[in-house]
Amino acid sequence: MSTKPTNVEEIKKELIAKMPTKVARKRAKSILPGTEVGEPIPEIQSNVRTIPGVITQRGCTYAGCKGVVLGPSRDIVNLTHGPIGCGFYSWLTRRNQTDAGPDGENFIPYAFSTDMTEHDIVFGGEKKLRAAIQEAYDNFHPKAISIFSTCPVGLIGDDIHAVARTMQEELGITIFANSCEGYKGVSQSAGHHIANNQIMKHVIGTKDVEVEGKFKVNMLGEYNIGGDAFEIERILEKCGFTLVATFSGNSTVEDFRKAHAADLNTVMCHRSLNYVAEMMETKYGIPWIKVNFIGAEASAKSLRRMAAYFEDQELIDRTEAVIAEELEKVKTVVDEIKPRTDGKTAMLFVGGSRAHHYQELFKELGMKILGAGYEFAHRDDYEGRHVLPTIKIDADSRNIEELEIHPDPERFKPRKTEEELARLNEKGLDFKGYEGMIGGMGKDAMVIDDINHYETEKLLEIYKPDIFCAGIKEKYIVQKMGIPLKQLHNYDMGGPYAGFNGAINWYRDIDRMVNTKVWNLIKAPWQTDGPELEATYVA
Amino acid sequence: MALLRHTTGEIKERKALTVNPAKTCQPVGAMYAALGVKGCFPHSHGSQGCCAYHRSALTRHYKEPVVAGTSSFTEGSSVFGGQSNLITAIDNIFTLYDPEVIAIHTTCLSETIGDDLMQISQKAKDDGKVPAGKHIVYASTPSYVGTHVTGYANMVKGILKGFVKKTGTPNGKINIIPGFCEPSDMAEIRRLADMMGIDITMVPDTNGVLNGPMTGHYEMYPNAGATPAEIAGMGDAKATIGLGRWATADGVNFLDAEFKVPGHVMGLPIGLKATDRYVDLLRKLSGKTVPDAINFERGQVVDLLSDYSQYFYGKKVAMAGDPDQVLALVEFCITLGMIPAYTVTGTAGKYFDERMAELLKDVPYDCKFKCGGEADMYLLHQWIKNDPVDLLIGNTYLKYVARDEDIPLVRHGFPILDRVGHQYFPSVGYSGAMRLMEKFLEALLDRLDRDAPETRFELQL
Ligand code: SF4
Ligand code: SF4
């Protein structure tokens, strides 16, 4: 190893030194120092193609569409059209917890696939898909079936949308298809967009019912990993909000259908679901705000903002009471644990929002973030939404349908007047706002988009953080180096980490991980430094 | 309420829909096989999603680092072919990760396009992208043909094709191609040969790669696995043994046809009889006597069996898994006096039906079995709904059935996500047979204890 570099620019040089010239040139644009609050934010390259041969954290469009967004809906039969693998790997591997509720419908533990064979590839798979839908209907009688195409399907040109349409007519249930072939985009992100478009086109707003409750909200971009959504539901209910639909942790097609009845959309994962928020605002007049329920303080802040939106004193008071009560529990645990975690260091390279959200939790433990980055984010997730108009549309993004959304002639109903919005805005409620990750990271932190294995290994050698957060593919690589890894895609059987109880779970897990004795056991007594022979006599 | 609440005993014929598959796709097997070569970097030629999934699946199962490259196809490469992506990838991999070998496999996508790995690899060499002394091997692994087991077999053959030579000077060794099994199984297969004093070459050998130690350092290429030089020598060997028809026959036949190394394909040595056959073949091929130490271990298995057969006898078992694995397990269960009532494997093959019929011919029960397309865990569950069993054997996904039907589960096969041990302790050989018996017994006796009325709750066996 070379002598240790000390500042971000030097470290960046070290990271790209051994790369082939073209690779180095490309990677250089995705590596930046963070900035201090209020300082200008530099441009970062993101949402660009992965470099062939470079070990990547990323998955595919299908994974974003089926695995992330639609997968956690419990009463939809999610049918993968393709060879067996894609469907197999997205089967129960993301820990989307589910409570089937009184109606009892829950297809989450099932993997459905058309299991295409050579014959289907050569002669086309539409017939098999049609038959599979029929068989799914005969065996399971679901309310809805959603179809996902995989790479080979795109190539042979099966018209999955036509099949969906005819089968919908024949069976009289909702059936829609997603053209989410893995090669379509540069990462999972393309799949999120495709799923959102289809949910918007085929499900949201298809049922007009009165939803009871005074303060009706939707939660967008919350997938109930490790039970996060359950904790958020608990808190919202306690404060007096009515949750109409969650997209899409433990969700149902019925909830999606009536989601347009909500008066406020709240967005957790900005990357995956900001599209739905935008489209629903245009179509139904529902404003949206970014929230974050990861971190006790962040949760409190999000609740206050939600309450402020409804401008109801009773709701505001009740929310404050809940926050006070919950924070007290949290404080006891922080007081106990913080002395053991204070000053320790962490790095997070994960997802398309989590690398930002989880910084709050680390800060609450007094831990310092040395570096962070996203796996499949766009520039707005780093730099803030104000850069949206300046993002160039490249060939890979042009692949994905951009829906033209207009106000719904019957259902468009602005929830607030322009003046009301402006007034709330003045009070600090920034609608459609997201400031992104970079601002506030600090100049000595590293921001790296789409970090690869090579850079990860180098960073770990240089920084030796006390904990590293990424996914399962990275986990044991990092741990072999004697550094604990916390999975943030599926939490390693832990969680929930959202909300107040979640924060407490997190503190305890991180305390255990950074203070466990195991890392001190790596060397045997005879491997540690010291005299070769000791002349002491051991009885 | 039941977890798989929508599963009923009403079995409707299915021709198109697979529900809860007892198999997965080719490349994951190819990636696993490649990891059993020392200094080898697996590369997935296709879009990056497959590679991410395969790495995740192997990582979850082994709880060890699994790295691999991907050609990261986008729409353009899907239309115009992946040659330039692959050549760039080869260049980047040798520069950044410095492996001895890159083992390339295809995915559904690159296969459907028709990318020719032989031609592209040659071009990479011609363009100077392959440093002197380094290698590329490859296998075609379309997932719409066969399963992860086929992918393993194809990559094994690809590795042999890439390295094996014949010098004309016999080296007196025996080649062993283990089927798709655990690193611990590969170690046990080798240990038995070592005990007999037989010099073997084993390909692939993932022992030490996917059950490695914690050292404080990450080694992309652990000091384990078959070396390219050893593999090259396989053409000069005395004989080849393939353990598992689906996973090894192609490789065995290749060595036979190309290098005139006589091949013997047998089952995985799971259970008493299969291990006997393995040891006996080693004896015949090498001309060595079986040492007392092996007879001792074998005697222990028989002892255990005679002591506890009362708890095995007549117990009904349902299992799902790879054909090489389940055939061996079915035979072992029958040896123990159990009834393999229901068996499914997602990997098709005529031999499966034949062998099952042969194994079951004296079993006093109308056992059901099925392989291929709709031979999935959903069907297995439906069979169980209609007539329950005492024990389940299969991968982690069967735990849902186990809980719903309140039947003990012994985890075996791929993938095991929620338990450890499989990487470290064998289920092949005599020691493996003892471990399996221990696991079966634990499951059955725990159940007995749990269900026993007060009057019949016993302290001892
Ligand atoms: S596309 Fe083919 S190779 Fe890739 S995960 Fe799906 S089945 Fe496996
Ligand atoms: S085949 Fe395509 S859709 Fe399936 S896992 Fe691979 S990249 Fe994703």
Along the positive direction of the dipole of the protein assembly as shown (beta-carbon charges: Lys, Arg +1; Asp, Glu -1; about the Cα centre), which of B:S110, B:F414, A:V276 reaches farthest?
-> B:S110
Just checking chain A: which Cys have no other cysteine's beta-carbon under 4.7 Å?
-> A:C60, A:C86, A:C151, A:C239, A:C269, A:C469
Given the rule -39500 (n - 2.57) for each run of at least 4 DSSP H residues, summed and divided by the residues of the protein assembly as shown, what is its mean residue ellipticity at 222 nm, to the nearest 500 deg cm²/dmol?
-> -13000 deg cm²/dmol
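Could you list B:D362, B:D449 in order of exposure, starting from the residue whose Cβ has the fewest other Cβ atoms within 10 Å?
Values: B:D362 7, B:D449 10.
The fewest-first ordering by Cβ neighbours comes to B:D362, B:D449.
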Using Cα positions and a limit of under 27 Å, work out the lysines in reach of B:K238, with same-chain residues fewer than 8 apart set aside.
-> B:K38, B:K157, B:K161, B:K165, B:K166, B:K173, B:K260, B:K273, B:K284, B:K288
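In debye to the nearest 20, how big a dipole does the stretch A:320-410 give about its Cα centre with +1 on each Lys and Arg Cβ and -1 on each Asp and Glu Cβ?
Values: 12 positive and 20 negative charges, 162 e Å.
I would put it at about 780 debye.
Count neighbours as other Cβ atoms within 10 Å of each site's Cβ, and list the chymotrypsin sites (Phe, Trp or Tyr not before Pro) in the stretch B:311-362 that are DSSP loop with at most 16 such neighbours.
Numbers: sites: B:Y311, B:F312, B:Y313, B:F332, B:Y342, B:Y351, B:F352; in loops: B:Y313.
When the chymotrypsin sites (Phe, Trp or Tyr not before Pro) of the stretch B:311-362 are filtered for loop state and at most 16 Cβ neighbours within 10 Å, B:Y313 remain.
Using Cβ counts within 10 Å as a stand-in for footprinting exposure, how do B:S306, A:S187, B:S44, A:S251 rank, fewest first? List each step's numbers first, then the result.
Details: B:S306 9, A:S187 33, B:S44 30, A:S251 26.
So the residues, fewest neighbours to most, are B:S306, A:S251, B:S44, A:S187.
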Estimate the FRET efficiency between B:L448 and B:V420 by the formula 1/(1 + (r/R0)^6), using the beta-carbon distance for r and 22 Å for R0, to the nearest 0.05.
-> 0.30
So what is the diffusion coefficient of chain A in µm² per second by Stokes-Einstein at 4 °C and 1.567 mPa s, using a Kirkwood Rh over Cα pairs?
-> 53 µm²/s
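How big is the charge dipole of chain A about its Cα centre, in debye rounded to the nearest 20, if each Lys and Arg gets +1 on its Cβ and each Asp and Glu gets -1 on its Cβ? Before the final figure, lay out the partial values.
Values: 66 positive and 79 negative charges, 269 e Å.
The calculated dipole for chain A is roughly 1300 debye.
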Cα to Cα, under 19 Å, and not fewer than 8 places away if on the same chain: which aspartates and glutamates meet these conditions relative to B:K123?
-> B:D91, B:E100, B:E111, B:D115
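With a cap of 13 neighbouring Cβ atoms within 10 Å, and only residues DSSP puts in a loop, list the trypsin sites (Lys or Arg not before Pro) found in the stretch B:325-369. The partial results should precede the final answer.
Details: sites: B:K350, B:R355, B:K361, B:K368; in loops: B:K361.
The qualifying sites are B:K361.
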What is the mean projected area of the alpha carbon convex hull for the stretch A:61-182, to one decimal in square nanometres?
-> 6.8 nm²
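Output the Kirkwood hydrodynamic radius of the protein assembly as shown, Cα pairs only, in Å rounded to one decimal.
On the way: mean 1/r = 0.0335 Å⁻¹.
For the protein assembly as shown, the Kirkwood estimate is 29.8 Å.
For A:H357, what is the net charge nearby, where nearby means another residue's Cβ is under 15 Å from its Cβ and Lys, Arg count +1, Asp, Glu -1?
Values: positive: A:R271, A:K290, A:K301, A:R354, A:K363, A:K486; negative: A:E222, A:D228, A:E231, A:E297, A:E360, A:E364, A:E375, A:D381, A:E435.
The answer is -3.
Per residue and in cubic angstrom, what volume does the convex hull of the Cα atoms of the stretch A:445-496 have?
On the way: hull volume 5.1 nm³, N = 52.
Given the Cα convex hull of the stretch A:445-496, per-residue volume reads 97 Å³.
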Whole Å is fine, so just give me how far the alpha carbon centre of the stretch B:382-435 lies from that of the stretch A:501-523.
-> 31 Å
Pairing the Cα long axis of helix A:270-284 with the longest principal axis of chain A, what angle in degrees results, from 0 to 90 and rounded to the nearest 10?
-> 30 degrees
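Restricting to DSSP loop positions (anything but H, G, I, E, B) with no more than 16 other Cβ atoms inside 10 Å of their own Cβ, which GluC sites (Glu not before Pro) remain in the stretch B:1-91? Numbers along the way, then the final one.
Working: sites: B:E10, B:E13, B:E75; in loops: B:E10, B:E13.
Loop-located and lightly packed - B:E10, B:E13.
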What size of dipole, in debye to the nearest 20, comes out for the protein assembly as shown about its Cα centre when the only charges are +1 on Lys and Arg C-beta atoms and -1 on Asp and Glu C-beta atoms?
-> 1880 debye
Going fewest to most other Cβ atoms within 10 Å around each Cβ, A:W288, A:W519 line up as A:W519, A:W288
In units of 2.2 N^0.38 Å, the Cα radius of gyration of the stretch B:306-454 is 0.99
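Would you please put B:387-393, A:166-172 in order of how densely packed they are, using the mean number of other Cβ atoms within 10 angstrom per residue and starting with the highest?
Working: B:387-393: 20.9, A:166-172: 14.4.
My ranking of the peptides, most packed first, is B:387-393, A:166-172.
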Part-to-part distance (alpha-carbon centres) for the stretch B:314-352 and the stretch B:255-300, which is given in Å | 22 Å
Determine the equivalent ellipsoid of the stretch A:234-383 by diagonalising the alpha-carbon gyration tensor, then write out the semi-axes as square roots of 5 times the eigenvalues, largest first, rounded to whole Å.
-> 28, 22, 12
So how do B:399-409, B:155-165, A:307-317 stack up, highest first, on mean other-Cβ count within 10 Å?
-> B:155-165, B:399-409, A:307-317
Environment charge of B:A224, counting only residues whose C-beta is closer than 10 Å and scoring Lys/Arg +1, Asp/Glu -1 = -1
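How much FRET efficiency would the formula 1/(1 + (r/R0)^6) give for A:A524 and A:F123, where r is the Cβ-Cβ distance and R0 is 56 Å, rounded to 0.05? The partial results should precede the final answer.
Details: r = 62 Å, r/R0 = 1.10.
The formula returns an efficiency of 0.35 here.
Rg/Rh for the stretch B:26-163: what does it come to with C-alpha atoms and Rh from Kirkwood?
On the way: Rg = 13.5 Å, Rh = 14.5 Å.
Expressed as Rg/Rh, it is 0.93.
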Can you check what the net charge comes to around A:Y110, using other residues whose Cβ is under 11 Å from the Cβ of A:Y110 (Lys, Arg +1; Asp, Glu -1)?
-> +1
Quick one: Cα centre-to-centre distance for the stretch A:1-64 and the stretch B:166-200, in angstrom?
-> 45 Å
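For the cross-link pairs A:K12/A:K486; A:K238/A:K290; A:K283/A:K363; B:K63/B:K125; A:K12/A:K344; A:K66/A:K127, which exceed 28 Å when the distance is taken from alpha carbon to alpha carbon? All intermediate terms of the calculation are to be shown ahead of the outcome.
On the way: A:K12/A:K486 24 Å; A:K238/A:K290 21 Å; A:K283/A:K363 38 Å; B:K63/B:K125 35 Å; A:K12/A:K344 23 Å; A:K66/A:K127 22 Å.
Checking Cα-Cα distances, A:K283/A:K363; B:K63/B:K125 exceed 28 Å.
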What is the Cα coordinate range of chain B on the first, second and third principal axes, sorted by size from largest, in whole angstrom?
-> 79, 55, 46
In nm, give the distance between the simple-model label positions of B:T8 and B:D126, each being 7 Å from the Cα along the Cα-to-Cβ direction.
-> 6.3 nm
How large is the Kirkwood hydrodynamic radius of the stretch A:413-535, in angstrom, based on all distinct alpha carbon pairs?
-> 18.9 Å
Rounded to the nearest 0.05, what FRET efficiency do A:T166 and B:E358 give with R0 = 41 Å and r taken as the Cβ-Cβ distance? Could you check?
-> 0.35
Taking every alpha carbon pair in the stretch A:142-257 and sorting the distances into 10 angstrom bins from 0 up to the bin holding the longest one, the percent per bin comes out as 12, 35, 32, 16, 4, 0
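Could you give the longest part of chain A that holds none of the trypsin sites (Lys or Arg not before Pro) found in DSSP loops with at most 12 neighbouring Cβ atoms within 10 Å? It would help to have the intermediate numbers written out before the result.
Numbers: sites that count: A:K214, A:K392, A:K427, A:K443, A:K517, A:K523.
Excluding the exposed sites themselves, the longest stretch runs over A:1-213.
Every read-out reported here was derived from the displayed coordinates using simple, explicitly stated rules and does not represent laboratory data. All figures in this text were calculated on a predicted structure; none of them were measured in a lab. With ideal geometry, Cβ positions are generated from the backbone for all residues, glycine too; neighbour counts draw on all protein chains shown.
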